[in-house]
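Let me begin by presenting the structure, written as structure tokens, before commenting on it.
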Amino acid sequence: MKRQGIQALAKAGLLGSDVVLVHVTNNSPEDLKLLADTKTPVSMSPYTELRTGFGIPPVGSFLRAGVPVSLSVDTTILCGNADMFAIMKAIQNIENGLQKSEFGISAQRVLEMATLDGARALGLAEHVGSLTPGKRADLILVRTTDVNMLPFTIPTNMIVQAAQPSNVEAVIVDGRFLKREGKLTTIDMAQLARDTADTIERARKEASKEGADKGINELFTR
């Protein structure tokens, strides 16, 4: 976002805790103060910001200024990766690189941004974001015996710095298993693949009727 962007939003009364700004990478000190004063949360999707040339995610600058920060994914066409484990690694690595220190930002702080801070940004912290009595049973179970997780030492460090989606044994959302024993429980992936292929074929046929098939074919064969 260009420098005048934050100030324009502030002038229009569009900053606040009920707004989440994404891809906010180029900011002046005045911008940071406006975001902090209005308690406006920002969400960083590092692979998108790097791939599209938006700039380096300035997580440390936000945190030092008191701006609420959370992490997010984008469409995979832009970010290329919807893996929150990889996003946590990227955020920690980028910030450590910017600070020229292996300890620029802790794994614990990154994990908080990926979980509870995201819930706070969306106004859902009373319901999700942490394992707390009274909140919804949203959690993942991670195998700690896989080779990339050995030797298992500090849990937060291992989750942020070593874990991968393949280590996830189970996903539970509001008490309901969506993944169990490493397999999805609510989606037939083979059928999904067939449905997707059928949808693309129908789109091509409809486009052909309108004389736009050349452009559609080019889009799907790039």
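Identify, from the list Glu49, Glu126, the residue that is in contact with a His (Cβ under 7 Å, 6 or more places away or on another chain) and over 15 Å from Val160 (Cα atoms). Break it down into steps so the answer makes sense when it comes.
Working: Glu126 fails: in contact with a His (Cβ under 7 Å, 6 or more places away or on another chain).
Step by step, each of Glu49, Glu126 is checked, and only Glu49 is in contact with a His (Cβ under 7 Å, 6 or more places away or on another chain) and over 15 Å from Val160 (Cα atoms).
Taking the conditions exactly as written (small (Gly, Ala, Ser), within 16 Å of the chain's Cα centre (by Cα) and not assigned by TED's automatic domain parsing to the domain that holds Val160), does Ala65 satisfy them or not?
Values: small (Gly, Ala, Ser): yes; within 16 Å of the chain's Cα centre (by Cα): no; not assigned by TED's automatic domain parsing to the domain that holds Val160: yes.
No, not satisfied.
Take the residues in region 18-46 that are of a type in the set (Ser, Thr, Tyr) and at pLDDT 95 or above; name whichever of them is nearest to Ile94 (Cα to Cα).
Residues of region 18-46 that are of a type in the set (Ser, Thr, Tyr), as a first pass: 25, 28, 38, 40, 43, 45.
Applying the additional criterion that residues be at pLDDT 95 or above yields 38, 40, 43, 45.
Details: Thr38: 26, Thr40: 23, Ser43: 15, Ser45: 12 Å.
For region 18-46, the residue satisfying everything is Ser45.
So that you can scan it fast, the table gives a plain yes or no per residue for (1) within 18 Å of Asp83 (Cβ to Cβ); (2) touching a residue at least 60 places away in the same chain (Cβ under 8 Å):
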position: Ser130; (1), (2): no, no
position: Gly134; (1), (2): no, no
position: Asp146; (1), (2): yes, no
position: Met149; (1), (2): yes, no
position: Pro155; (1), (2): no, no
position: Val160; (1), (2): yes, yes
position: Gln164; (1), (2): yes, yes
position: Leu178; (1), (2): yes, no
position: Ala193; (1), (2): no, no
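Please name all residue pairs, on different chains or six or more residues apart, with Cβ atoms under 6 Å, provided the first residue is in region 97-113 and is over 30 Å from Val128 (Cα atoms) and the second residue is surrounded by fewer than 19 Cβ atoms within 10 Å (Cβ to Cβ) and at pLDDT 95 or above.
Within 6 Å, the pairs are Glu102/Asn96.
Every residue in region 97-145 that is in a loop (DSSP other than H, G, I, E, B), of a type in the set (S, T, N, Q) and out of contact with any Pro (no Cβ under 9 Å at 6 or more places or on another chain), please. Quick ask: steps written out before the conclusion?
Taking region 97-145 as the starting set, the residues that turn out to be in a loop (DSSP other than H, G, I, E, B) are 100-106, 115, 122-138, 143-145.
With the extra rule that they be of a type in the set (S, T, N, Q), the set shrinks to 101, 106, 115, 130, 132, 144-145.
Those that are in a loop (DSSP other than H, G, I, E, B), of a type in the set (S, T, N, Q) and out of contact with any Pro (no Cβ under 9 Å at 6 or more places or on another chain): Ser101, Ser106, Thr115, Ser130, Thr132, Thr145.
From Leu116, Leu98, which residue is out of contact with any helix residue (DSSP H, G or I) (no Cβ under 7 Å at 6 or more places or on another chain), of a type in the set (A, V, I, L, M) and over 18 Å from Gln164 (Cα atoms)? Don't jump to the end; show me each part of the working.
Details: Leu98 fails: out of contact with any helix residue (DSSP H, G or I) (no Cβ under 7 Å at 6 or more places or on another chain).
Only one candidate passes the filter, namely Leu116.
Only one of (1) under 21 Å from the mean Cα position of the chain (by Cα); (2) outside any loop (DSSP other than H, G, I, E, B); (3) more than 22 Å from Gly97 (Cβ to Cβ) fails for Tyr47. Which number is that?
The one condition Tyr47 does not meet is (3).
Quick one: what pairs do we get from region 51-73, first residue under 12 Å from Leu98 (Cβ atoms), second part of a loop (DSSP other than H, G, I, E, B) and small (Gly, Ala, Ser), C-beta under 7 Å, 6+ apart or different chains?
Sorted first by the residue in region 51-73, then by its partner, the pairs are Gly60/Gly104.
The values are calculated or read from the model by the stated rules, or taken from the named source; none is laboratory data. None of these values were measured; they are calculated from a predicted model. Please note: Cβ atoms are built from the backbone with ideal geometry, for glycine as well, and neighbour counts cover all protein chains shown.
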